[in-house]
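Data block below; observations after.
The values are calculated or read from the model by the stated rules, or taken from the named source; none is laboratory data. This is a predicted model, so every value here is computed, not measured. Positions of Cβ are generated from backbone atoms using ideal geometry, with glycine treated the same way; all protein chains shown enter the neighbour counts.
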Amino acid sequence: MIEIEHVTKRYGNTTVVDDVSLTVEPHTITVIVGTSGSGKTTLIRMVNRLVEPTSGTIRIDGQDNRAVPDFELRRRIGYAIQGHGLFPHRTVAQNIATVPTLLGWDRKRIDAKVEELLTLFQLDSAAFGPRYPHELSGGQQQRVGVARALAAEPNVLLMDEPFGALDPIIRSKAQDDLVAIQRHFGTTIILVTHDMEEAFHLADRIAVMDKGEVVQYATPAEMLVKPATPFVETLIGTSERPFRLLAIDTAADAVEPGSAEGAPIPATLSQREALSELLWSGRSALPVAAPDGAILGKVSLEGLAKRAARPR
Ligand SMILES: Nc1ncnc2c1ncn2[C@@H]1O[C@H](COP(=O)(O)OP(=O)(O)OP(=O)(O)O)[C@@H](O)[C@H]1O
């Protein structure tokens, strides 16, 4: 659990984070959104103490983060940023091994961890381990960046626009990978993004920042139904509301019994993507397939239309 209590950061006379309090429950994804310069990066950097708060307290699993030695903070808190921040003169394997090496893990344990993470991110370790970052695509570099952040098995992962530089297809894949990883390790994640679609897709809770303040901290569904301020409403985009609602859950959650014609859609698609497939294929229902190919049932236009309506 991460408890941020009355945290303020000032640079000179300018307050960039203004008395922010929020609690991030263990094993959840909290997404921070807001306008440029609203203090998102500064807020998450105070969690791992890359920035020192002017006042206030941040506790990680009950412990004040000022009381935790640096090396221990680095082990407990992974940090992944846009552009990946990979060391250009170190191989992929060496990049991933950075924090475990600093922590003095033995060679065998480090090698096993590198292998595990590369496999998890669908990068063949024999082919990719010895390569240098410039020999990878942007999407591969991004995955290595996240793998490196996870190498010391942190309880907490901070991500600052980790998918910002990716094209939409790789981005969607990277988001799915992140959800899979989060389930696999049970990591508590705070992620900063500009992309509201990404926020609604990934978040258990969303924090909206405006001029250094958190103006709303709520589940995506709560935020859609009751935006705290006109700013939050604008950020969500009123014409987007039904689609945002559908972006929260997957097709698996909307499966109805029965069969349907046409190519099956994966159960992991968001309901929004499922709706898009339905509209584009011109069908009123499509089969839904589990990852092993088994047909789970169908999703229908009618079913999704009900789910897109304002929750009561
Ligand atoms: N070291 C610093 N010294 C002075 N001002 C700073 C410093 N770091 C950040 N700021 C200011 O604090 C404000 C918040 O910056 P921050 O990077 O946290 O915003 P952000 O919400 O992450 O923005 P963006 O979405 O554009 O990345 C900005 O106005 C920025 O100029």
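Some points to look at:
- For region 189-212, the count of residues that are touching a Lys or Arg at 6+ places or on another chain (Cβ under 9 Å), surrounded by fewer than 20 Cβ atoms within 10 Å (Cβ to Cβ), within 28 Å of Asp18 (Cβ to Cβ) and acidic (Asp, Glu) is at least one.
- Arg66 being surrounded by 15 or more Cβ atoms within 10 Å (Cβ to Cβ), part of a helix (DSSP H, G or I) and among the charged types (D, E, K, R): no
- Of the strands (runs of 3 or more DSSP E) lying entirely inside region 117-236, those containing at least 1 residues that are among the charged types (D, E, K, R) and either closer than 19 Å to Thr268 by Cβ or touching a strand residue (DSSP E or B) at 6+ places or on another chain (Cβ under 6 Å) (or both) span 156-160, 205-210, 213-218.
- Among (1) surrounded by fewer than 23 Cβ atoms within 10 Å (Cβ to Cβ); (2) within 16 Å of the ligand (Cβ to nearest atom); (3) within 19 Å of Glu273 (Cα to Cα), the one test that Ser172 misses: (2)
- Scanning region 52-65 for residues that are touching a Lys or Arg at 6+ places or on another chain (Cβ under 7 Å) and at pLDDT below 95, we see that the one that is farthest from the ligand (Cβ to nearest atom) is Ile60.
- Output for region 59-95, where each listed residue is hydrophobic (A, V, I, L, M, F, W, C) and over 14 Å from Leu136 (Cα atoms): Ile60, Ala67, Val68, Phe71, Leu73, Ile77, Ala80, Ile81
- Scoring Ala260 on the criteria (1) over 28 Å from Met196 (Cβ atoms); (2) small (Gly, Ala, Ser); (3) surrounded by fewer than 15 Cβ atoms within 10 Å (Cβ to Cβ) leaves a single failure, condition (3).
- Among the conditions (1) surrounded by 14 or more Cβ atoms within 10 Å (Cβ to Cβ); (2) within 16 Å of the ligand (Cβ to nearest atom); (3) assigned to a loop (DSSP other than H, G, I, E, B), Leu86 misses just one, which is (2).
- For the residues Leu103, Leu120, the requirement of being surrounded by 14 or more Cβ atoms within 10 Å (Cβ to Cβ) and touching a residue at least 60 places away in the same chain (Cβ under 8 Å) singles out Leu120.
- If only residues of region 11-40 that are crowded, with 21+ Cβ neighbours inside 10 Å and of a type in the set (S, T, N, Q) are counted, the one that is farthest from the ligand (Cβ to nearest atom) is Thr30.
- Test: residue in region 241-264 that is part of a helix (DSSP H, G or I) and under 22 Å from Ala149 (Cβ atoms): no
- Here Ala285 meets each of (1) surrounded by fewer than 17 Cβ atoms within 10 Å (Cβ to Cβ); (2) more than 26 Å from Asp177 (Cα to Cα); (3) of a type outside the set (Phe, Trp, Tyr) with one exception, condition (1).
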